[in-house]
Every structure is written in structure tokens, then in C-alpha cells.
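The values are calculated or read from the model by the stated rules, or taken from the named source; none is laboratory data. Predicted, not measured: the structure shown is a model, and the values here were computed from it. Cβ coordinates were reconstructed from backbone atoms using ideal geometry, including for glycine residues, and neighbour counts include every protein chain displayed.
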Amino acid sequence: MQDLVNTINGYIWSSALIYLCLGAGLFFTVMTRFVQVRQFSEMWRLLMSGKSSEQGISPFQALAISLSGRVGAGNIAGVAAAIGFGGPGAVFWMWVVAFFGAATAYIESANAQIYKEEHDGKYHGGPAYYIEKAMGQKWYAWTFAVATILATGVLLPTVQSNTIGTAIEQVFANTGSIDTAIGVISYAKLYTATGIVLLLGFIIFGGVKRIANFTQVIVPFMALAYILVSLIIIGLNITQLPSAFMLIVGDAFTPMAGFGAAIGWGVKRGIYSNEAGQGTGPHAAAAAEVEHPAQQGLVQAFSVYIDTLFVCSATAFMIIITGTYNVHGAGDLFVVQNIASDVVASGPEYTQIAVDSVFTGVGKPFVALALFFFAFTTILAYYFIAENNIYYIKRTFKLPGAVFMLKVVIMTATFYGTVKAASIAWGLGDIGVGLMAWLNIIGIIIIFFMSKPAVKALNDYEQQQKEGVEHYTFDPKKLGIKGATFWEDRLAKSKGSDVNMS
């Protein structure tokens, strides 16, 4: 199984995908005239404004859902893996992919808002919708929808739940194990898997509003608590911060684990963490209630900063400053070995040891708790995304019971991932991320050259900013954007109500 997973990942995560992700981010950064820098203050203003409606959630709730997908195992275990296999320089490439990825996040999320639809009194949208409407290629949209259901409903939840199980097993070591049909499972992982699945079932059977309400409380709390602890650790070792930063930057260009390893692991784990270009964020973006599509695009671009430049950097500096990492070389050799050789790089142990080196006896349980909140809310976001794509398919086929089956499948995958080995879980997750990234990035590039809808929306929004309008409006036909039926209908209704009032 492991060999098969590694072989598939070798094809999906070739150098072509690495440079496609970086190249797309750079391209969209130039085409939007560095929107992630120019509109930074507007991103913050929008984050604090806006309200939900019966049909949609608020911009902040949409950010919380997408952040719950972005801020997950990748921020703790993913950063550790990037350092462990790519060296400290991999962190620099995570920063690069985050900065340029913010522009990609704007493009894909603005597209999702432009081409969203309303079904059963709720907003639905995402890459499948904008691929069909903007590209006119329904087969491609269906391919993305099916790949996304497979990735977010089956493959990716295994990574998040496995990281929770591994972290909790570190806290409750030597609890005994049981021999089952799927292998030997420790009681710590068995109890953890059962608890996660029960809580997951309670929330996902409550619908998107329950997911939004849960994540908007948990995500900010868990991120702030984690960053606070990391700042304390960095503050206690502040004299080592400059050297840690220089090690990251220096190793990015003369890497100890090889240049390809630093870029490859940095980009791979960077995308896994911030998900810019992967096509997950647009699903939550489409569900938001906003006056103008560009607004939610800007909010989603800001989420990339929160994820990588804050949370991932906090993890990286904790690990590097405390020296609680190894760098793997060829075979079983180590380029750098600071800790025991049996500590797994693809799990949360590096981070747990780093926190424990300062807060003795507290590090492992604290990181396990943080990981539970990080990873669990990510699983919720995955369910939300998979459900959105089932609704997309149901526009053509009824598929009775499909959503119920999804709930059963994602709960099963979550249980399986919790109790299995980390290497298999991460390998499956990489397949899911890679499939979605290939399909989505190619899609948004083609859409850009066909009609540039997200850039047109940005220019329109910035023009209204200059005019100082009190309420923003969006007229897709005026901008030459076809297929944005939701916004066309909204504009027609607003004009009709204005006529009736007069």
C-alpha cells in the first residue's frame, strides 16, 4: 500500500506541479498588481464587517470555515515534515508560496462568488461551478467535482485525524493495544478515533450553519492560543531568533537537504497548509453574503497570511530555535540529527518536543489539544467542501441519499486515518491535494485568459472605492462577464424594488 501511494505521488507531485503553483501565484500577483499588498487594509476592514443572511454566512464565518480548512495538521505536522525532509530552507519556500498564493486565493475565491448559485435557500459554489460557467466545459467541472469528493471526503480527512491520534498517543503512551482486522491499534488511538467520529457526526448532521457557528468560535481561539505559546517560547530564546531566521533564508538557496528537496517540500507543505490554488477555499467563499464578489476574494487572500505567515512561522521558529528536529538525507542517513532517530518527521512530535523543552510536561498535551482543534475543524471544512460538490452533481442527477452516504464515508475515513500509520495517511492526503491543485490551477489560468472575471471584478471594486460609494454593487453584464446569473438576478430585483418604491 505504501509503495503504491508513493508511486502515485511521484507522478502527481512532480516538479511540474511545484513550478505550476509558484508560477501561477507570481502570474496572478502581477496581473492583480500585487493585490495582496495594495488592499491589505481593505482586507482587514472587510473581515470585521458584513452580516450573514438566511441564504449565506457572513464574510467572517466564511473566513473561519476556510481557515478551518487551511489551519490544520499542515501547520504543525506539515511544517515539521518540511523541515525534516527539506531542511530549514523549506520554510522560506513556504513563505514564498504563501505570499504569491494570496493572489491566487483572491482569483479563485472571487471567481467562486461571481459564479455562485442559490439552491434550497442556500448559496453554493466553488471551482466546479466557475469551471462550467466561465470555461463552458462541463466534463472538466465534473472531473474536479468527483476528484474533490474523493479528496475531501476520503483521502484528506485521514491526515487530519491521524495527526490527532498520533499526538494523543504521545501523551498517553503505554496504554496497551488491541489486535484488530485492520492491524494492531493502541487503546489511545482507538478511544480517540471513537470520540472524534461521534463529535464529527453530531456536527455534520446539523448542517452548514452549525459548522459555521462552531468554526467561528474555535478557529480564532485555537490560533491565538497557539501563537501566544509560540511567542513565549520565541521570547525566551529571543537571542537565537536572528540566527534561526538567517538559517532559514540561507538554507533556502544553499540547502543542506538539496535544492530540489527544499523547494519541493516547502511548496508541497505550503500548499497543503494554506491551500491557495488547491480549490478548497472557494467553496466557503461562495457561501458568504457580500455586496461585491471582490470583497470575499480579498478576505480569502488575507486568510493565507494568517495561515502561513503567522501559524506556520510560529511552528517553524519554535522547532528551529529549540533545535528539536532532524534533517533526513538519502536512505536512513541524516544530514542533521539533533534528536533521537526514531522520532517521526511526518508527525507532530518535533513540535511537541519543542514546546516540551520549555514547558516541561506540558508540551505534548498542549500540542495534542491544539492539533485536535486545528485538525478537527479542518475535517469539518472538508465535509462542507465535499457536500458542495455533491450538490453540484445533484443539479444534473438526483442521487438520493448521496449526502447521507458522504457523512458515513467521511466518518469511516476519519476513524481509519486516526488508527493507521502516519506515512500512509500523509501519502493519501498528498494525492488528494495534488489532484485538486492540478485541476483547479489549470482551470483558473484558462478562465483568466478567456474572460478575466476576477480581475474585472477587482477593477470595478477599486473604481467604486475611489468614488467613495456607501453600498457596493456588481453588474456582471456591464463588465462583460457572462454566466453570473446570481448577480444578474440580484441586480434586476434591486432595480425592480427601486422602481416600485418610486
Item to complete: Return yes or no: is Thr254 at pLDDT below 90 and of a type in the set (S, T, N, Q)?
Response: yes
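For segment 396-426, give me the residue count where each residue is among the β-branched types (Val, Ile, Thr), farther than 22 Å from Thr180 by Cβ and loosely packed, with under 13 Cβ neighbours inside 10 Å.
Result for segment 396-426: 1.
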Does at least one position in segment 146-154 carry a residue that is more than 30 Å from Ser451 (Cα to Cα), within 27 Å of the chain's Cα centre (by Cα) and modelled with pLDDT of 80 or more? yes
Being at positive phi and either of a type in the set (Ser, Thr, Tyr) or at pLDDT 80 or above (or both) narrows Gly279, Gly266, Gly235 down to just Gly279
Considering only helices (runs of 4 or more DSSP H) wholly within segment 71-170, the ones with at least 2 residues that are of a type in the set (A, V, I, L, M, F, W, C) are 79-86, 89-114, 138-150
Within segment 286-299, residues surrounded by 24 or more Cβ atoms within 10 Å (Cβ to Cβ) and modelled with pLDDT under 85 come out as Ala287, Ala288
Requested in this report: Report yes if some residue within segment 342-349 is within 21 Å of the chain's Cα centre (by Cα), assigned to a helix (DSSP H, G or I) and either of a type outside the set (Val, Ile, Thr) or under 14 Å from Val79 (Cα atoms) (or both); otherwise report no.
Outcome: no
Among (1) under 27 Å from the mean Cα position of the chain (by Cα); (2) modelled with pLDDT under 85, Glu387 falls short only on (2)
Checked Gly443, Gly429 against criteria (surrounded by 21 or more Cβ atoms within 10 Å (Cβ to Cβ), in a helix (DSSP H, G or I) and out of contact with any Leu (no Cβ under 7 Å at 6 or more places or on another chain)); the one match is Gly443
- Item | Test for Asp475: is it of a type in the set (Asp, Glu), surrounded by fewer than 15 Cβ atoms within 10 Å (Cβ to Cβ), part of a loop (DSSP other than H, G, I, E, B) and over 26 Å from the mean Cα position of the chain (by Cα) | yes
**Message:** I'd like to know if segment 194-212 contains one or more residues that are surrounded by 24 or more Cβ atoms within 10 Å (Cβ to Cβ) and at pLDDT 85 or above.
**Reply:** yes
Taking segment 448-467 and keeping only residues that are part of a helix (DSSP H, G or I), of a type outside the set (Asp, Glu) and either touching a Cys at 6+ places or on another chain (Cβ under 7 Å) or surrounded by fewer than 24 Cβ atoms within 10 Å (Cβ to Cβ) (or both), one is left with Phe448, Phe449, Met450, Ser451, Val455, Lys456, Asn459, Tyr461, Gln463, Gln464, Gln465, Lys466
Going residue by residue through segment 358-371, is there one that turns out to be in a helix (DSSP H, G or I), closer than 23 Å to Trp139 by Cβ and in contact (Cβ under 8 Å) with a residue 60 or more places away in the chain? no
